Amino acid sequence: MSEEDPDLPREAEGDSLPFLTLVPNMVTTLGLCSGLTAIRFLMAGQFLTAVWLILFAIVIDGLDGLIARRLKATSDFGAQLDSLSDFLNFGVTPGFLVYQMALAPGERAGGWIFVLVYIVCCCMRLARFNVAQSRAATNGDSKPPTHFTGVPAPAGALMALLPVFIAFETGINLADHPVPVELYIVVVGLLMVSRLPTFSPKSIRVRREKIVWIMIGLALLIGIMLAEIWRALIVMILLYAISLVHSAARVFLNRRRPRP
């Protein structure tokens, strides 16, 4: 009998993949399930649980790409799955949450339109990001960008949830202040599709002798967030907003500066 039985079907090349290559997509799916479950809880009026699930999805979004690069398991399928997951987790779910907490109790004509603008802006921002990534891959540009163009989707979701964090921290009823919430969430959506250069952590370079201090600062930050999570998130979002104002001011001054 020969070593290879010709009567048995042989596995075609490419029919199987190492399990590790599936891990990034599994992590992305975990984040997607978190966002979908957040919708389930906010429909039941359990807003606190929904917010925690969105925050978990934000953490997952930061991990799946890192895992894919470390395992060298990046793929077009994974990129598209990640983008669709981001649209749900950082566009649809925060929009619905803000609507349910601030606008639905005293539904006014047009209140839902402001949420639609935010969600559509998030979709457009992700579509533009995908096009930019595709062009970079086609041109063979492997150098990471020094900044984002517009507010990225996870940061946009956190900014959109700022009224919710304030409500959790102070106990105010967002339904009593629908107009400021409507205007605010539209501004966040417009910032996502803007051409404003925004902070990108990929551009940060840390000197070796400062790594210890970075880790100590991280431990301090985690401790503060565990003790005062909503207050810490509010401060972080306000600091990020200040960075946006600074970036906008630099763009304005550069345009006003006469060219040689």
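The values are calculated or read from the model by the stated rules, or taken from the named source; none is laboratory data. Keep in mind the model is a prediction, meaning the values are calculated, not measured. Every residue, glycine as well, gets a Cβ built from its backbone with ideal geometry; the counts of neighbours run over all protein chains shown. Just the protein is used for accessible areas: all its heavy atoms, side chains included, with ligands, DNA and RNA removed. Shrake-Rupley method; radii C 1.70, N 1.55, O 1.52, S 1.80 Å.
At 25 °C and 0.890 mPa s, what whole-number value in µm²/s does Stokes-Einstein give for the translational diffusion of the chain, with Rh from the Kirkwood sum over Cα pairs?
119
Counting each pair of different Cα atoms once, what's the Kirkwood radius of region 205-260 in Å, rounded to one decimal?
14.1
Please list the non-local residues whose amide H lies under 5 Å from the amide H of G150, H modeled 1.01 Å from N, same-chain partners needing a gap of 5 or more.
Sorted by chain and number, the residues that satisfy this are L196, T198.
Going from most exposed to least, what order do E228, E209, E182 have by accessible area with a 1.4 Å probe?
Putting E228, E209, E182 in descending order of accessible area: E209, E228, E182.
Quote to one decimal, in nm, the extra length available between N173 and A241 on full extension: 0.36 nm per residue of separation minus the C-alpha distance between them.
Roughly 22.1 nm would be gained on extension.
Once every DSSP H run of n ≥ 4 in the chain is given -39500 (n - 2.57) and the sum is divided by its residues, what mean residue ellipticity at 222 nm do you get, rounded to the nearest 500 deg cm²/dmol? The partial results should precede the final answer.
Working: 10 runs with 170 residues, N = 260.
Calculated at 222 nm, the ellipticity per residue is -22000 deg cm²/dmol.
Rounded to the nearest percent, how much of the accessible area of region 115-260 (1.4 Å probe, protein heavy atoms only) is carbon and sulfur?
The nonpolar share, carbon plus sulfur, comes to 67 percent.
Using each residue's phi in region 156-165, evaluate 6.51 cos²θ - 1.76 cosθ + 1.60 at θ = phi - 60° and report the 3J(HN,Hα) Karplus result to the nearest Hz, with x for Gly and Pro.
x, 5, 4, 5, 5, 8, 3, x, 5, 4
Work out the charge dipole of the chain with +1 on the Cβ of Lys and Arg and -1 on the Cβ of Asp and Glu about the Cα centre, then indicate which of Y118, T93, N25 is farthest towards its positive end.
It is Y118.
In degrees between 0 and 90, to the nearest 10, how far off the longest principal axis of the chain does helix 76-87 point, with axes built from Cα atoms?
20
Need one number: nm distance between label points at N130 and L66, each 7 Å from Cα along Cα→Cβ, rounded to one decimal.
If labels sit at N130 and L66, their model points lie 2.5 nm apart.
Quick check: pseudo-label points 7 Å beyond the Cα along Cα→Cβ at T37 and V120, how many nm apart are they?
3.3
Relative to the longest principal Cα axis of the chain, at what angle does helix 47-70 sit, 0 to 90 degrees, rounded to 10?
So the inclination is approximately 40 degrees.
When ligands, DNA and RNA are left out and all protein chains stay put, how many square angstrom of accessible area per residue does the chain have with a 1.4 Å probe?
64
What FRET efficiency comes out for the pair L190/M225, r = Cβ-Cβ distance, R0 = 35 Å, nearest 0.05?
That pair, L190 with M225, gives E of 0.80.
Determine the order of M159, M236 by accessible area, beginning with the largest, at a probe radius of 1.4 Å.
M236, M159
Expressed in nm to one decimal, what extension gain is obtained for the pair I204 and N254 from 0.36 nm per residue of sequence separation less their Cα-Cα distance?
Result for the pair: 15.7 nm of gain on full extension.
Note down the accessible area of Y99, probe 1.4 Å, to the nearest 10 Å².
40
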